[in-house]
Amino acid sequence: MGFMASRWRSAGHLDNLDEWGLGGRSFGTFVTWFLLGGDLYTAYTFIAVPAAMYATGAISGFFAVPYTIVAYPIVFVFMARLWSVSHRHGYVTPADFVSGRYGSKALSLAVAVTGILALMPYIALQLVGMQAVFETMGLGGNNTLAKDLPLLIAFAVLAAYTYSSGLRAPAMIAFVKDFLIYVVILVAIFYLPHVLGGWDSIFGAAQEKMAKTNPATGKPTGSFIPGNAGYVSYWTLGLGSAMALFMYPHSVTAVLSTKTRNVVRRNAAILPAYSLLLGLLALLGFMAIKANVNVKGLDGLANPQLAIPRLFDQEFPSWFAGIAFAAIAVGALVPAAIMSIAAANLFTRNIYRAFIKPSASPAEEAKVSKLASLLVKVGALVFVLAMDKTIALNLQLLGGIWILQTFPAIVVGLYTRWFHRYALLTGWAVAMVFGTISAYNVVNPATKKHFGGSLANIPFTNTPAYIALTAFVLNVLIVIVLTFVFRALKVPDGQDTTHPTDYLADRGDPGVKDLPEILDDGGAATAKS
Amino acid sequence: MSRLSAVRPAYWISGVLLVVAVVVPLLVPTYAKADPHLWGFPFFYWYQLMWVFLSAILVSISYRLLRAEERRRRAAQGLGDPDAPDADTEEAGR
């Protein structure tokens, strides 16, 4: 614990030298790789993906591999355009872009609110990830206060360094985190199969467990290799998650902090190194099955989230397990920091400035942003401490469904403005409601609770698919039909403040700003219109 | 005409490569099986891990094609190369 704290504090000191100034210095390929990696592959990923593999196998866990594989070609295609237009117009959030492109405050607000709603539970889950680690380390006692104390300390560190250092801090710490994670995973992948009797027996144990009948459902526990019925689930989960990944405002924040538009594309080619890591990590879930770890939590209930921390605790010497836990804990702080900055930007730019106080000065904006980032984190903490952890998990599941519904407005908007702004707004609203209701109707057969998973039958069929993608298809259909209707009725279309050449602009071109200028500018979109 | 034929292939080839990198890893029925095993890994698992590499290679090729293309376009418009300090020398001469 002390080891971790000193690490955090030293990074914090470095950052205090030059707050946003350094963070605003545009990031090159190398830093961006770490920043994006630190951003997208979170402590929650490191706990939850193997936990899903441990509990129910390939469909709910290993889909993460095709998911991260297909994410990067998709990013390669559209992110460079978003970079260009954002750097010419001073956009910081996806909602800024929507506001400038469609001239619609309502649509921009919809995108901003979706972003904040999706980010909150995500931050909360980072804290859940840390809690799982602390619980395994034996930190915290049985009463509520002692149990939550380590989490509160970690939280205070997170809040302090984000407040004082902005984006620079997570970028720095991402180096430490990724280095630690790489070492830990590589050691685990080469060492553990040796201890546990080889890959053959690990996969064998997993296959056996997945084939066993679950007494609560009367069906097999999980899937070792998806059968016919699971094909659609598997690829819709992969594709839907991939499309949603870069709709999250914190990924956009990281992408916009790069130096030139090509840094984004170059990263699309080298980020898959993390996918490989993730795939191997997922297999740790199977190793936990083979090693027969005990996943009972302090409250006496089985909790698959504990599978990986327990596996490390059981199979490694304590000093190495300590490093692994530190890596996971730091791994939670980096994305939580970037996410809270992204959520704060959304609030400041697209709610505070757009609706509450349009005349806000840049200094005032920065202050509001800092405070908002604190509020977001406190909100996340309250989630974890006051509410059932499963609520955070449910909301995270909903977050993925929600955030994908901003895809038509943002990504399609980068290529064409044919979609009508009110059609987009209606499609978004219907898909949000549909996705939420579908997810609510998924009842876990064992616990009889709602929000039992992210798969539901496609309407009028018996084929389960990822709800987010089903809602997305519905969304796009509505947008297309209504666009025809609104165009026929000649409903006013709003003003587009972007120009076709904006989408190809690069660093050094006339009107293209570096990140510090963008931040000081306070969103050119609202200023211009 | 010569310019038109110079522009098209880069975009078409990149487009096809990227579509392949997205679609093939999602064709679940083509790889949802256990055999052949590789170092104890069932086919389902090692095949998908292999696609991490293949996809990275496809995206890299697209990147190189498009970068060369974009440089040509920017040079024609009299714009500088923003990646110049760390650009590969082999392509700077064009």
Worksheet item: When you go through A:S104, A:S108 one by one, which is the residue that is modelled with pLDDT of 65 or more, of a type in the set (S, T, Y), farther than 19 Å from A:G331 by Cβ and in contact with a Lys or Arg (Cβ under 8 Å, 6 or more places away or on another chain)?
Response: A:S104
Worksheet entry | Total residues in segment A:82-100, condition closer than 30 Å to B:P25 by Cα and more than 12 Å from every other protein chain (Cβ to nearest Cβ) | 2
Worksheet item: Which one of these does B:P82 not meet: (1) buried (at least 17 other Cβ atoms within 10 Å of the Cβ); (2) at pLDDT 80 or above; (3) at the interface with chain A (Cβ under 8 Å from one of its Cβ atoms)?
Response: (2)
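Would you check if there is a residue in segment B:50-69 being at pLDDT 75 or above and among the acidic types (D, E)?
Taking every residue of segment B:50-69 in turn, at least one turns out to be at pLDDT 75 or above and among the acidic types (D, E).
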Worksheet, complete the sentence: Filtering segment B:25-71 down to residues that are at the interface with chain A (Cβ under 9 Å from one of its Cβ atoms), in a helix (DSSP H, G or I) and within 22 Å of A:I59 (Cβ to Cβ) yields B:P25, B:L26, B:V28, B:P29, B:F43, B:F44, B:Y45, B:Q48, B:L49, B:W51, B:V52, B:S55
Response to the item:
Taking segment A:244-271 and keeping only residues that are facing another protein chain (nearest Cβ under 8 Å) and hydrophobic (A, V, I, L, M, F, W, C), one is left with A:A268, A:A269, A:I270
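The values are calculated or read from the model by the stated rules, or taken from the named source; none is laboratory data. Everything numeric in this text was worked out from a predicted model, so none of it was measured. A quick note on method: Cβ atoms are made from the backbone with ideal geometry, for glycine too, and the neighbour counts reach across all protein chains shown.
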